[in-house]
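Undergrad: Dropping a structure here in structure tokens format, bear with me for questions.
The values are calculated or read from the model by the stated rules, or taken from the named source; none is laboratory data. Note that the structure is a prediction, hence the values are computed from the model and not measured. Cβ placement follows ideal geometry from the backbone for every residue including glycine, while neighbour counts extend to all protein chains displayed. Surface areas here come from the heavy atoms of the whole protein model, side chains and all, with no ligands, DNA or RNA. Shrake-Rupley method; radii C 1.70, N 1.55, O 1.52, S 1.80 Å.
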Amino acid sequence: MFTAFVVPVLLTACGGNPKSTETTQTEATTETPEATISNTIVITASDQMKYDLTEIKVKAGEEVTLTLKNAGTMAKEAMGHNFVLLAQGADVAAFATEAMANKASDYIPTGSKAILVHTKLLGPGESDTITFTVPAGEYEFICSFPGHYGMMRGKVIAE
Ligand SMILES: [Cu+2]
């Protein structure tokens, strides 16, 4: 004997909303603070011969205000730091070698086409603020104090 259990299927329109097919998208947590685009940058250099930022994202075509702080305590002659933003395609190693020979101008080869903008060379506790505007693209930055660029380098990404 076959018994059919008839289960009433209730086509309940939940809330009666005709747009109920729309899916609620759960925001993936891919957002990190590093990915934030900001045109106001504070970057710190230390006695450990390091910047605290190695990737800086900015808005292309808009003025960027960048402050470099030297948080170290070592003498400027031993552990001075600057921030030199290089033109696209610049040979970083060649520039750093050229900069090394320019002690009198704080390791900034005057008139170098490789330089887009740079801060002063900073001693302990000092800071310097510069402004610049760049088209979309990636730009390398280094500290041009002798021997530092291997450790002290990063990228400005303008988008
Ligand atoms: Cu340095």
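Undergrad: Condition first: in a helix (DSSP H, G or I) and more than 17 Å from residue 81 (Cα to Cα). Now tell me which residues in region 94-116 satisfy that. Write out each step before concluding.
TA: If we filter region 94-116 for residues that are in a helix (DSSP H, G or I), which is where we start, we get 94-100, 103-105.
Hit for region 94-116 is 94, nothing else.
Undergrad: Ok, one more. Could you list all residues from region 67-86 that are of a type in the set (A, V, I, L, M, F, W, C) and within 16 Å of the chain's Cα centre (by Cα)? Give the derivation first.
TA: Filtering region 67-86 down to residues of a type in the set (A, V, I, L, M, F, W, C) leaves 68, 71, 74-75, 78-79, 83-86.
68, 83, 84, 85, 86 - these are the residues of region 67-86 that are of a type in the set (A, V, I, L, M, F, W, C) and within 16 Å of the chain's Cα centre (by Cα).
Undergrad: If you take just the strands (runs of 3 or more DSSP E) that sit entirely in region 32-76, which of them hold at least 1 residues that are without any contact (Cβ under 8 Å) to a residue 60 or more places away in the chain and closer than 19 Å to residue 136 by Cβ?
TA: Working: elements: 40-45, 55-58, 64-70.
The strands (runs of 3 or more DSSP E) meeting that bar are 40-45.
Undergrad: For region 138-156, enumerate the residues that are part of a strand (DSSP E or B) and either within 16 Å of the ligand (Cβ to nearest atom) or open to solvent by 20 Å² or more (accessible area, probe 1.4 Å) (or both). Steps first, please.
TA: Within region 138-156, the first condition is being part of a strand (DSSP E or B), and the residues that meet it are 138-142, 153-156.
Scanning region 138-156 gives 138, 140, 141, 142, 153, 154, 155.
Undergrad: Quick one: count up the residues across region 91-127 that are among the small types (Gly, Ala, Ser) and open to solvent by less than 30 Å² (accessible area, probe 1.4 Å). Spell out how you get there, then give the answer.
TA: Taking region 91-127 and keeping what is among the small types (Gly, Ala, Ser), we get 93-94, 96, 99, 101, 104-105, 111-112, 114, 123, 125, 127.
Still in the running and open to solvent by less than 30 Å² (accessible area, probe 1.4 Å): 96, 99, 112, 114, 123.
Looking only at that region, the number is 5.
Undergrad: Go through 69, 59 for me and flag whichever is open to solvent by 70 Å² or more (accessible area, probe 1.4 Å), more than 10 Å from the ligand (Cβ to nearest atom) and farther than 23 Å from residue 123 by Cβ. Spell out the reasoning first.
TA: Working: 69 fails: farther than 23 Å from residue 123 by Cβ.
Testing whether each residue is open to solvent by 70 Å² or more (accessible area, probe 1.4 Å), more than 10 Å from the ligand (Cβ to nearest atom) and farther than 23 Å from residue 123 by Cβ leaves just 59.
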